[in-house]
Structures are given as structure tokens and as C-alpha cells.
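Worksheet: the structure to be examined is printed underneath.
What follows draws every value from the coordinates through simple rules; no lab data is involved. Quick caveat: nothing in here was measured; it's all calculated off a predicted structure. Every residue, glycine among them, receives a Cβ derived from its backbone with ideal geometry; neighbour counts consider all protein chains shown.
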């Protein structure tokens, strides 16, 4: 099936149910289906053909989602553009992915001159929240274009996060989406039409999480704000059943003064991913939101659900006194293979650390126009994630760290995530990042950069002492710096590359 087919299944079964809602008004599946027909016909009338790319430059917005469905209806490729990116990065993405048609939100109209100058391949621009969009739709035919199935064709050309360099175009086929949906349904069954709160950008994991909900008549609520108090209120108001959040956002919500004010009993799945999560804050989140926390592990190149740590796994870890298991990202998903590999291509036994490698239907079709990067990522016939991990005897996968983030201090390997888990346990710490900095004696010294909770206090000495007590002197930070806000990517990942750049200026180290 194609991505649009899942939406059509929902529209067949629940035509009168809201598919999209902006907090004040809704659009039914029947309404949205009609819009997708017109969007598709308009794109094809503009001369776009199979393989052409269309982008939607917009914050989370109902018509932005309708446009992406229309792009799929036309058999074209959606090239997601994260509204939270810097304009310079989006100019690179739009040009690198050869976008030919751009839907945009009026809030980005001031950027049009720069886009037109920097992205000459874009032939047509259309504002989704202006009268011109409605006028354009009114000119289009209402009958869906009849296109052949093309399940092995590219559906989405998403750009990688760019945390270690320029974003690369990741080719996601309809078959990849089908595999991802199948894993979702197998591990997170849906028994009634869900309500999905689209808090994080729809261009990334939050959008991907919405696809498996469409055949079941899922309603997607678009917030239009990132205010944490409004997010908490919306869960109660709309009786939200499903939501995706990066750990950073969960930390912010847990620290909000209104966290105990609202009813979260409607929640069935609070999916978290994209970065490691503090075990202590995870336990706190379970107490606040209920036994609904579900972790998935994947990446742009291996769509979302290579492993699953189910809500039942969370509960079992606490009930059986296996709290350490909360640091896991779960068990290997159905329809996927996952192993831990040495640098020379040997699959390692359980309990040994190595790079996490994948095979299966979630893996991308390759990087767009980048055969060298594609070849490097698929060395030895496996997709290489760049993550260091270990699988225990019970089949639970633990991500030790990013391969490029490992610190070598005095000849010892220090994995930052292990130190971060300890620092997160301090009651004053909201978030932290551990990096290696230049040191004449050790080569690299362990440094912690810490973001405190609002109004909270802590000293470097007490944080260093905590780490020494739990981990010993080698792994404990030698120094601690405090920042009001850690630098983060638009999807909530702490940008260690940016942190390291400050300390390594003038020194030799790849960052």
C-alpha cells in the first residue's frame, strides 16, 4: 500500500470523523479527502511528474498536513522542511532535494526573496493559509487521479538531522512506511479511533507517528504553540490518546507548575524517542502520566521503530526490581534484524559492545544523489547506525552512545550517556550534556555542561562528587559548566557538536 492508501482506509470507515483539528475547528475525513484530490490535481496540472519533489514550509498546521497527503495522492515525493530549522539550513535542504513546488505558510513569506534566489529549481509557490490557496483549490478537479501502485518508489525524501554535518537526503519508500506501520500495529495495537496531539514537528517523528493512526480514523490535533502549559491542558481538553515527545520536552513538562492540574487518564501511548532519557525522570513521568510511556529507537535512515520498549516493559521493569532496564530502548522489532558489530564487520555475541547495525524493511533506499555515503552506511551488507550498543541476555538493547561522541581520556573509553544518567538523577538538573574537551595530561577530559531547573541551584563540586560516587574518578567530570539553555536541534536533540566547537577552537579534533 501507498501512504495515501492508509488515509483512504480511514476515510472509508470514518468519513464523518475529524481527521484534522486546529484546537477550535475540525476537518472531517471526507473534507480532507476532497482537499487531497484537488491538491493532487493541481500539482499534476502544474506539470509535475513521478519523481518530482514538493515541500511544505510551515509550522504544524492542518492545511500543511492536508497538502502532504495531496502530494502523496499525486504520486509525488514529499520533501519535509522543518519550520524550526534556521533559514540557511532550509535553503540548503530545498535546493539539495531538488524541490520543484513549494507550499508555504504566511509566517515564512518574508523568506521568499531568499528562497527564490537560493533555490532556482522551485517553479511554483503557494501560500496555504491565504485566499490564493482556496482559489487554487477551487479550480481543480474533484476526482482523484488514477495512479498505479508504486510501493517501492520513494514517498518521502527527508533530510537527516545534520548534527554531525550537512543534512543528507534520506529516501523513504512506501514499503518502508508499510513496514513501520506494521511494526506499530503489532507492538502498539489500536482498538478504537485515536486522538493524536501533534506537538513536535510533523516533518519528523510526530508526523511519522500519525501515519499508523490514519486507517483507524485517527484525529490529529495541531497545537500551533509549544507552550508547555497549553500542551498539558490540551491532553485533558481533547482527551488525547497518543502523543510523541522528545525527552527534552518531557523534562520541561515535568518541571511545569501546572503538571498536577490536569487529567491525563485518556492517554494510551506517550511515545518518546530521538535521544536518551533520564531513568529518574522516566520514573517520574510514569507516575504523572500513568503506565503509558513507550520508547522506540530508529533514525531517519531506519524509520522510527527498529526497537520497542513497550509500556508493559516499563511496568515490568519497575515491578520486578529491574530498574536498570529503563535505560534500554527495548527489544528488536518484528520485521527487523538488529546486531552489534565490531569495526572489522564481525557480529558480536550478547553482552559485548559494538556498533548497532540493522537489516529489514525499515532501512532507507539510500541517500539521495550521494552514492559514497550510501556505500559507507551499508558496509558489510548492514545499515550502520553510528550508535554504540549492547544486547543483554534477555534481548533488551541498550544504546551506550553515539560512536562519534565517545571520549578517550587517559586511554580509557568514557561513554557520555553513562555519565549523563547519573547527573540527571540530581534533583536540580533539568538536562545536561557530557563532552570531551582538550587536556594536556589526559588528551581529553570529561566535561559536563548542565542546564538547571528554573529556580534550582547546584554547584560543580556536588555534581562531580555525585558522579565519582556512582562511577569512579575516571568517568566523573573533571569540570562542570552551567548554561541557561543547552543548544538543541529543531527536533530536540542536544547539539554536542556546537558545544564541543567552543572548547576545541584552536585544537586538533574533528567535531
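Among 425, 58, which comes first, then next, by fewest other beta-carbon atoms within 10 Å?
Numbers: 425 15, 58 25.
The order, fewest Cβ neighbours first, is 425, 58.
Hey, what did region 3-224 get for relative contact order, percent, Cα under 8 Å, at least 6 apart? If you can, show how the numbers build up before the last one.
On the way: 407 pairs, mean separation 61.7, N = 222.
Relative CO of region 3-224 lands at 28 percent.
If you line up the long axis of helix 174-187 against the longest principal axis of the chain, both from Cα atoms, how many degrees apart are they, to the nearest 10?
Value to nearest ten degrees: 60.
Among 132, 319, what is the fewest-to-most ranking by other Cβ atoms within 10 Å? Kindly include the intermediate steps, with their values, before the conclusion.
On the way: 132 12, 319 8.
By the 10 Å Cβ count, ascending: 319, 132.
Sorted by average packing, counted as other Cβ atoms within 10 angstrom per residue and highest first, what order do 66-76, 105-115, 380-390, 269-279 take? All intermediate terms of the calculation are to be shown ahead of the outcome.
Working: 66-76: 25.6, 105-115: 14.2, 380-390: 18.2, 269-279: 22.5.
Listed from highest to lowest mean packing, they are 66-76, 269-279, 380-390, 105-115.
What shape does region 104-149 take by its C-alpha gyration tensor, where a ≥ b ≥ c are the square roots of the eigenvalues and a/c under 1.5 counts as rounded, a/b above b/c as prolate, and the rest as oblate? Can you show the working numbers first?
Values: a/c = 3.20, a/b = 1.59, b/c = 2.01.
The shape class here is oblate.
Cα gyration tensor of region 406-504, axes a ≥ b ≥ c as square roots of the eigenvalues: rounded (a/c below 1.5), prolate (a/b > b/c) or oblate?
oblate
May I ask you to compute the full-extension gain from residue 439 to residue 264, defined as 0.36 nm times their residue separation minus their alpha-carbon distance, rounded to one decimal in nm?
Numbers: separation 175, 0.36 × 175 = 63.00 nm, distance 4.82 nm.
Between residue 439 and residue 264, full extension yields 58.2 nm more.
Roughly how tilted is helix 460-471, in degrees to the nearest 10 and between 0 and 90, from the longest Cα axis of the chain?
Result, in degrees: 80.
Using per-residue counts of other Cβ atoms within 10 Å, averaged over each peptide, order 295-306, 177-188, 222-233 from highest down. If you can, show how the numbers build up before the last one.
On the way: 295-306: 25.7, 177-188: 20.5, 222-233: 16.4.
Put in order of decreasing packing, that is 295-306, 177-188, 222-233.
Using only Cα atoms, tell me the angle between helix 62-73 and the longest principal axis of the chain; keep it within 0 to 90° and round to the nearest 10.
That works out to roughly 70 degrees.
For 250, 87, which order do you get if you count the other beta carbons within 10 Å of each Cβ and list the fewest first? Before the final figure, lay out the partial values.
Details: 250 22, 87 14.
Lowest count first: 87, 250.
Which residues among region 314-345 fall inside the zone where the amide N is under 19 Å from a point 7 Å beyond the Cα of residue 186, along Cα→Cβ?
Under 19 Å, as judged by backbone N against the label point of residue 186, lie 329-340 of region 314-345.
Please sort 34-42, 5-13, 340-348 by packing, taking for each peptide the average over its residues of neighbouring beta carbons within 10 angstrom, highest first.
On the way: 34-42: 22.4, 5-13: 18.4, 340-348: 13.7.
The packing order, highest mean first, is 34-42, 5-13, 340-348.
On a C-alpha basis, how far is the centre of region 333-412 from the centre of region 480-494 in Å? Whole number, if you could?
Computed from Cα coordinates, the inter-centre distance equals 26 Å.
What distance in nm lies between label points placed 7 Å from Cα along the C-beta direction at residue 9 and residue 319?
My value for the distance between the label points is 3.1 nm.
Label the chain by shape, choosing from rounded, prolate and oblate, from the square roots a ≥ b ≥ c of the eigenvalues of the Cα gyration tensor; if a/c is under 1.5 it is rounded, and otherwise prolate applies when a/b is larger than b/c, oblate when it is not. Before the final figure, lay out the partial values.
Details: a/c = 1.66, a/b = 1.49, b/c = 1.11.
Prolate is the answer for the chain, as a/c is 1.5 or above and a/b outweighs b/c.
What is the calculated FRET efficiency for residue 50 to residue 502, with r their C-beta to C-beta distance and R₀ = 51 Å, to the nearest 0.05?
Working: r = 46 Å, r/R0 = 0.91.
Working from the Cβ atoms, E equals 0.65.
Calculate the spin-label point distance for residue 456 paired with residue 485, positioning each point 7 Å from the Cα along the beta-carbon direction, and give it in nanometres.
1.8
Nearest 0.05, what FRET efficiency do residue 132 and residue 493 give at R0 = 30 Å with Cβ-Cβ as r?
Numbers: r = 36 Å, r/R0 = 1.20.
Rounded to the nearest 0.05, the efficiency is 0.25.
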